[in-house]
Amino acid sequence: MATLACKYMIFMIFAALMGCAYSFRGSLPPGLETVEVSQFRSSVTEYGLETELTSIVTETMVTDGRLAVVTANPDTRVSGRVTAFTRSAEEYTGGEQVQRYRLDLRVEINMEDLRNEGYLIRNETVAEWILYDPASESLAQARERLVREVAGEIVQKCLSGW
C-alpha cells in the first residue's frame with residue numbers, strides 16, 4: 001500500500017512539473033509563424049500618431065520574436081485605428097498653472113488569421129493613460145512614452161492575450 005501511495009505522489013509531482021512548462025509561443029494557435037503589421041489609421045486630429053504607433057508596434061513585434069514580421073504572404077495581419085487621443089489638465093499649482101497633464105490614448109485593434117480567413121481579435125480596444133509634468137517632460141516625449149506603452153499592450157494582446 002505504501003508503494004502505491006509513493007507512486008501516486010511521484011505521478012502528481014511529475015504532472016505538476018509538466019503543467020509548469022513554459023513556451024515562448026505563448027497562446028498562439030499552432031502554425032502561425034508570420035505577421036504583417038498594416039498601417040494603422042486614425043480618427044483623431046493628432047498628426048502622425050498612427051504612423052508612430054505602426055512603427056513602434058512593428059518594432060515591438062520584431063523584438064519579441066514569436067512571429068516573424070513580413071510584408072508578403074503573412075499568416076496573420078495586425079491592424080488598428082486610433083480612436084481617441086486627449087490631453088487634459090490633471091493637477092494645478094496654487095497660482096492656477098498646470099502642474100501635471102494626463103494623456104489618454106485609445107486604439108481599436110484587429111488580428112486576422114489569414115490562413116483560416118477569420119479573426120483572432122476583432123474590434124478590441126486597448127486604452128492607456130499617463131501623467132506627465134511639463135516642467136520635466138515635453139508633450140512629444142510624453143506622447144512617445146504613451147505610444148510605447150500602448151504598442152506593448154497591443155503586442156501582448158496579439159501574442160498571448162486571448
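Please treat every number below as a calculation from the coordinates, not as lab data. Just so you know, these numbers come straight off a predicted model, no measurement behind them. Reconstructed Cβ throughout: ideal geometry from the backbone, glycine too, with neighbour counts over all protein chains shown.
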Cα atoms only: what Rg and Dmax, in Å, come out for segment 44-106?
17.5, 59
Using modelled backbone amide H atoms (1.01 Å from N, in-plane), which distant-in-sequence or interchain residues come within less than 5 Å of ALA84's amide H?
ARG106
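Taking every pair of Cα atoms in segment 87-139, average 1/r, invert it to obtain the Kirkwood radius, and report Rg/Rh to two decimals. Each step should come with its number before you reach the end.
On the way: Rg = 18.4 Å, Rh = 13.7 Å.
We get a ratio of 1.34 for segment 87-139.
So for segment 70-126, averaging the separation of alpha carbon pairs under 8 Å that are six or more residues apart and normalising by length, what relative contact order in percent results? Can you show the working numbers first?
On the way: 104 pairs, mean separation 19.4, N = 57.
RCO, segment 70-126: 34 percent.
I need the peptides 135-145, 80-90 ranked by packing, meaning the mean over residues of other C-beta atoms within 10 angstrom, with the highest value on top. Can you show the working numbers first?
On the way: 135-145: 13.1, 80-90: 16.5.
Packing order, densest peptide first, comes out as 80-90, 135-145.
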The alpha-carbon pair-distance distribution computed for segment 70-162, with 5 angstrom bins and whole-percent values, is 3, 12, 20, 18, 14, 11, 9, 6, 4, 2, 1, 1, 0
Residues whose modelled amide H sits under 5 Å from the amide H of VAL69, counting only those 5 or more places away in sequence or on another chain, are VAL35
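Hand me the GluC sites (Glu not before Pro) from segment 34-65 located in a DSSP loop with no more than 16 other Cβ atoms within 10 Å, in residue order please. It would help to have the intermediate numbers written out before the result.
Numbers: sites: GLU36, GLU46, GLU50, GLU52, GLU59; in loops: GLU46.
Passing sites in segment 34-65 are GLU46.
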